[in-house]
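The values are calculated or read from the model by the stated rules, or taken from the named source; none is laboratory data. Since this is a predicted model, take the numbers as computed values, not measurements. Counting neighbours? That spans all protein chains shown, and the Cβs are built from the backbone with ideal geometry, glycine included. Heads up: the accessible areas ignore ligands, DNA and RNA and are worked out on the full protein's heavy atoms, side chains in. Shrake-Rupley method; radii C 1.70, N 1.55, O 1.52, S 1.80 Å.
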Amino acid sequence: MVNKKSVIPSDIDFIRILWCDNANIIRAKSIYKNSSKDSNYYVGISEGQQGVPAVYDAVIEESGLSPIGEVQLKADLSSFTPIPYSPGHGRFMGSMMKNGKTWDYCPRGFLKRMIDEARKMGFSVKGAFENEFYLLNKTEEGICPADNTSFASTYSMDVNREIIDEMVKALILQGMEVQQCHAESGPGQQEITVKYDEALKACDNQIVFRETVRAIAGKYGLTASFLPKIFVDKAGSGCHLHLSLWREGKNILSDSKGEYGISKIGMQFIAGILRHLPALMAITTPITNSYRRIKPHYWSGAFQCWGIGNREASIRVIPEFDGKIKNFELKTVDASSNPYLVFGAVIAAGIHGIKQEMELEEPVQEDPGNILQGEDYKIKRLPSKLEKAIEEFEKDKIIRGAMGKNLSKAYIAVKKAELEVLKDLKLEEEVKLLLEKY
């Protein structure tokens, strides 16, 4: 066991213990440094927290939870990072515990179970979330982008150099390896990419990334938002998930002798994700605003297909410059999703593909939105509304079974409650309500 005294630097006064709930709201309680005499850090939180939607602060009865009862939010001592933008504060990721065991409703616990399932099958999954976000000014007329530059603009690099530099330095100080950054398609839109890691660490990194970007933007008087669609006529923000399969320290996704240069296990894993993707979207694109972004011809993964280098397919297999396949990208994801639920559900789908020896259909090597037959797409269109994704999730025994009865029930209750509030709102009303939550 890691001794907490060896983990916490002497200049840290407040220790935050974080959790990410079923609405993908990042929450925390903080402990003053001398208040805990135990060998581990923990706080109590209401059981009802896993039944609270993003749109109001009340427990959804259909979640099976209530304000009665408490669980222990226990710090993962290996996850500690000082918070560079908040001197004197440090952060742990928390796991929900009850009666000495991982609580059924814990998203981080769900991911750990799926990691163990993959390990039993002889492999592990690594990945990284690729975030796009907007930097915004709030004015009397409403919100507006911090700049009006275009994709990969060098002028944007100059205008935003100070704030992006500080974000990057803070991410590095918190243990991430930053690889690239550039202006994205929308005015004021940015992308910073970090290197892949083991599944649990990749999800912890995603929480730290969102926290860091938003906090540092605030220091400069700006609002950073990962909301999928903010402006009706501007680019949306995705959060693509890059994935690779590993065994004994080696990437096993590539196989020069395999069809398309992909190993058999890799093809089965991808086939499993594609098979379950309509249901997965209730988790990967979990709010009504998500579906304003997912449209044909918008590079957002609106079709249930895969392709080699095809940015319109929901899964893009990415050849390296030497032709080898080392990772693939699930495009139908945004940052309104809980990363632990996303990664766990994706692993569950991939494992099902391997167990059933699913065959991967031929890759689509053109824009799937152009492949039409009369009024119907030859390639299946993915759900275009949250309602449909929830229906698919409720029918999917594999994904629901992997999450467990209690977590899946609470999750869908939260999503349905949010849907009821959001379904008839105009974009401007939706953005006003959700902008600073994501």
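Look at the stretch 225-254 and say how many of its residues are touching a Leu at 6+ places or on another chain (Cβ under 6 Å) and in a strand (DSSP E or B).
Taking the stretch 225-254 as the starting set, the residues that turn out to be touching a Leu at 6+ places or on another chain (Cβ under 6 Å) are 225, 227, 232, 241, 244-245, 252-253.
From what is left, the residues that are in a strand (DSSP E or B) are 225, 241, 244-245.
Going through the stretch 225-254 one residue at a time, the tally reaches 4.
The condition of being hydroxyl-bearing (Ser, Thr, Tyr) and at pLDDT 95 or above holds for only one of SER78, SER86, SER153, SER66, that being SER86. Among the residues of the stretch 322-333, is there at least one that is open to solvent by less than 10 Å² (accessible area, probe 1.4 Å), farther than 14 Å from LEU277 by Cα and assigned to a strand (DSSP E or B)? Yes, because at least one residue in the stretch 322-333 is open to solvent by less than 10 Å² (accessible area, probe 1.4 Å), farther than 14 Å from LEU277 by Cα and assigned to a strand (DSSP E or B). Which of the residues belonging to the stretch 261-300 are among the aliphatic types (A, V, I, L, M) and part of a helix (DSSP H, G or I)? Hits for the stretch 261-300 are ILE265, MET267, ILE270, ALA271, ILE273, LEU274, LEU277, ALA279, LEU280, MET281, ALA282, ILE283. A single member of SER79, SER124, SER86, SER66 is open to solvent by less than 60 Å² (accessible area, probe 1.4 Å) and free of Cβ contacts under 8 Å to residues at least 40 places away in the same chain, and it is SER66. For the stretch 92-123, the tally of residues that are more than 30 Å from GLY64 (Cα to Cα) and charged (D, E, K, R) stands at 2.
Does MET114 qualify as being crowded, with 19+ Cβ neighbours inside 10 Å and under 15 Å from ILE17 (Cβ atoms)? Walk me through it before giving the result.
On the way: crowded, with 19+ Cβ neighbours inside 10 Å: yes; under 15 Å from ILE17 (Cβ atoms): no.
So MET114 fails the test.
Considering only residues that are of a type in the set (A, V, I, L, M), over 17 Å from the mean Cα position of the chain (by Cα) and within 22 Å of SER263 (Cβ to Cβ), which ones fall in the stretch 280-323? Spell out the reasoning first.
Just the residues of the stretch 280-323 that are of a type in the set (A, V, I, L, M), to begin with: 280-283, 287, 294, 302, 308, 313, 315, 317-318.
In the following step, the residues that additionally are over 17 Å from the mean Cα position of the chain (by Cα) were identified as 302, 308, 313, 317-318.
Of everything in the stretch 280-323, those that are of a type in the set (A, V, I, L, M), over 17 Å from the mean Cα position of the chain (by Cα) and within 22 Å of SER263 (Cβ to Cβ) turn out to be ILE308, ALA313, VAL317, ILE318.
Checking each residue of the stretch 96-104 against the condition of being in contact with a Lys or Arg (Cβ under 6 Å, 6 or more places away or on another chain) and in a strand (DSSP E or B) gives at least one match.
Applying the condition of being among the aliphatic types (A, V, I, L, M) and over 21 Å from LEU330 (Cβ atoms) to the stretch 178-202 and asking which residue is surrounded by the fewest Cβ atoms within 10 Å (Cβ to Cβ) yields VAL178. Filtering the stretch 44-63 to residues that are surrounded by fewer than 17 Cβ atoms within 10 Å (Cβ to Cβ) and either in contact (Cβ under 8 Å) with a residue 12 or more places away in the chain or not in a loop (DSSP other than H, G, I, E, B) (or both) leaves GLY44, SER46, TYR56, GLU61, GLU62.
Does the stretch 156-177 hold any residues that are without any contact (Cβ under 8 Å) to a residue 60 or more places away in the chain and buried (at least 17 other Cβ atoms within 10 Å of the Cβ), and which are they?
Quick first cut of the stretch 156-177, residues without any contact (Cβ under 8 Å) to a residue 60 or more places away in the chain only: 156-165, 167-168, 171-172, 176-177.
Across the stretch 156-177, the qualifying residues are SER156, VAL159, ASN160, ILE163, ILE164, MET167, VAL168, LEU171, MET176.
Hey, among LYS380, LYS385, LYS397, which residue is among the basic types (Lys, Arg), open to solvent by 10 Å² or more (accessible area, probe 1.4 Å) and free of Cβ contacts under 8 Å to residues at least 12 places away in the same chain? Every option except LYS397 fails the conditions. Of everything in the stretch 400-438 that is open to solvent by 80 Å² or more (accessible area, probe 1.4 Å) and outside any helix (DSSP H, G or I), the residue that is nearest to CYS144 (Cα to Cα) is GLU436.
Within the stretch 355-367, identify whether any single residue is hydrophobic (A, V, I, L, M, F, W, C), under 25 Å from MET114 (Cα atoms) and buried (at least 18 other Cβ atoms within 10 Å of the Cβ), and answer yes or no. Yes, the stretch 355-367 has at least one match. Summed over the stretch 217-239, residues that are closer than 20 Å to LYS201 by Cβ and surrounded by fewer than 23 Cβ atoms within 10 Å (Cβ to Cβ) total 0.
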